[in-house]
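The values are calculated or read from the model by the stated rules, or taken from the named source; none is laboratory data. Fair warning: this is a prediction, and the values are worked out from it, not measured in the lab. Virtual Cβ from ideal backbone geometry, glycine too; neighbours counted across all protein chains shown. Please note that ligands, DNA and RNA were not included when accessible areas were found on the heavy atoms of the full protein model with its side chains. Shrake-Rupley method; radii C 1.70, N 1.55, O 1.52, S 1.80 Å.
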Amino acid sequence: MQVVESIQEMQLLSQSWKTKGCSVGAVPTMGALHEGHMSLVDLCSQNADKLVVTIFVNPTQFAPGEDLDKYPRTFDRDKKLCEEAGVDAIFFPSVSEMYPGDSTSWVSEEILSQGFCGGSRPTHFRGVTTIVTKLYNAVLPDVAVFGEKDYQQLQVLRRITRDLNFPIQILPGPIFRESSGLAMSSRNRYLSEQERKDSLIIYKSLKEAASRVEENSDLKAIRQFLTDEISSVGGNVDYIETVNADSLEKIDVAQGSVRCLVAAHFGPARLLDNIQLL
Ligand code: AMP
């Protein structure tokens, strides 16, 4: 397995694979890898000949005062996990490699990135869409895998990939959960033991909500149920929304493909989860 730090080397490596007729798959991450990330690597390996995991804690998707400085960085462990999973290369650039000091260009998506996580983190998705574009141009993948855990992000990235004509197939990876039901996240390590227990209410109530919803169900009542459940154990709800699973338009009556998106703070951790309701 190679660890590649320069964009140009990464491009050359990817091109050399393609010359030999191999397809290239990318799994973009911010590192601190867990089984959720590795499930995406697994999915990618079934759909591409060569596997690249990118590890880059992207400063432009963090707002001032967020957890950029304390975001976990565990490269040696990440490297071991990737080696064991049969990854061909880790793309591990520095901040100055990805953002030269005089860099002034951005990529933004203007509809799907509004509201939800974009409401509470207004500069977040511009950072995500810019870095993913730059990672695409470094890794030159045929396939890219993103997790459904970050559902809005997945839809935003699908949209820019389509709108900007990247010849890249996006594969969504299902949410990988701890045995308790908590969606795995690098940020779960911010939780105390008690907060970890309390946070189980998110998935428990989402599952209950999914079992209650049928065609034409009142989704306002479902949102209220979730708000009450999560608040009852001290979770601080950022948003709970019911949306069309493709367009992310908010809906109040269950029809078509309905996704329920949740973001809630438990202590220092802002946790995301979601479920298909219909
Ligand atoms: P991150 O390192 O948190 O930026 O995540 C990198 C990729 O892994 C994103 O596409 C996430 O949606 C995905 N991911 C993170 N946690 C999970 C999980 N528990 N299940 C599935 N995908 C995940």
Which residue pairs have Cβ atoms under 7 Å apart, sit 6 or more places apart or on different chains, and have a first residue in the stretch 34-50 that is under 17 Å from K80 (Cα atoms) and assigned to a helix (DSSP H, G or I) and a second that is within 11 Å of the ligand (Cβ to nearest atom) and of a type in the set (G, A, S)?
G36/G147; S39/G173; L40/G147; L40/G173
Can you pull out every residue in the stretch 173-184 that is under 9 Å from D273 (Cβ atoms) and within 6 Å of the ligand (Cβ to nearest atom)?
I175, A183
When P141 is evaluated against the numbered criteria (1) within 14 Å of the ligand (Cβ to nearest atom); (2) surrounded by 21 or more Cβ atoms within 10 Å (Cβ to Cβ); (3) closer than 24 Å to L68 by Cβ, which criterion, by number, is the only one it fails?
(3)
Please go through the stretch 57-75 and pick out each residue that is over 16 Å from the mean Cα position of the chain (by Cα), over 22 Å from G267 (Cα atoms) and not hydrophobic (A, V, I, L, M, F, W, C).
T74
Looking only at the stretch 154-172, how many residues end up being within 17 Å of D42 (Cα to Cα) and either assigned to a helix (DSSP H, G or I) or within 12 Å of the ligand (Cβ to nearest atom) (or both)?
3
Tell me yes or no: at least one residue of the stretch 8-22 is open to solvent by 20 Å² or more (accessible area, probe 1.4 Å), in a helix (DSSP H, G or I), within 9 Å of the ligand (Cβ to nearest atom) and touching a residue at least 12 places away in the same chain (Cβ under 8 Å).
no
Filter result for V53 (near the ligand (Cβ under 9 Å from one of its atoms) and either modelled with pLDDT of 95 or more or open to solvent by less than 20 Å² (accessible area, probe 1.4 Å) (or both)):
no
Considering each residue of the stretch 163-201, count those that are charged (D, E, K, R) and out of contact with any strand residue (DSSP E or B) (no Cβ under 9 Å at 6 or more places or on another chain), and give that number.
4
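Here are some residues: D78, D67, D88. Which one is open to solvent by 30 Å² or more (accessible area, probe 1.4 Å) and under 29 Å from P174 (Cα atoms)?
So the residue among D78, D67, D88 that is open to solvent by 30 Å² or more (accessible area, probe 1.4 Å) and under 29 Å from P174 (Cα atoms) is D88.
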Take the stretch 234-249 and flag every residue that is open to solvent by 10 Å² or more (accessible area, probe 1.4 Å), farther than 19 Å from A264 by Cα and within 18 Å of the chain's Cα centre (by Cα).
D246, S247
Of all residues in the stretch 66-110, which are more than 19 Å from V139 (Cβ to Cβ) and either outside the structural domain of T130 (by TED's automatic domain parsing) or touching a residue at least 40 places away in the same chain (Cβ under 8 Å) (or both)?
E66, D67, Y71, P72, R73, T74, R77, E109
Residues S185, S113, S105, S94: which one is polar (S, T, N, Q) and in contact with a helix residue (DSSP H, G or I) (Cβ under 6 Å, 6 or more places away or on another chain)?
S113
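So that you can scan it fast, the table gives a plain yes or no per residue for (1) open to solvent by 30 Å² or more (accessible area, probe 1.4 Å); (2) more than 25 Å from K18 (Cβ to Cβ):
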{"position": "G119", "(1), (2)": "yes, yes"}
{"position": "P122", "(1), (2)": "yes, yes"}
{"position": "T133", "(1), (2)": "no, no"}
{"position": "K149", "(1), (2)": "yes, yes"}
{"position": "L154", "(1), (2)": "no, yes"}
{"position": "S192", "(1), (2)": "yes, yes"}
{"position": "L200", "(1), (2)": "yes, yes"}
{"position": "E214", "(1), (2)": "yes, yes"}
May I ask you to say which residue of G86, G115 is within 17 Å of the chain's Cα centre (by Cα) and at pLDDT 95 or above?
G115
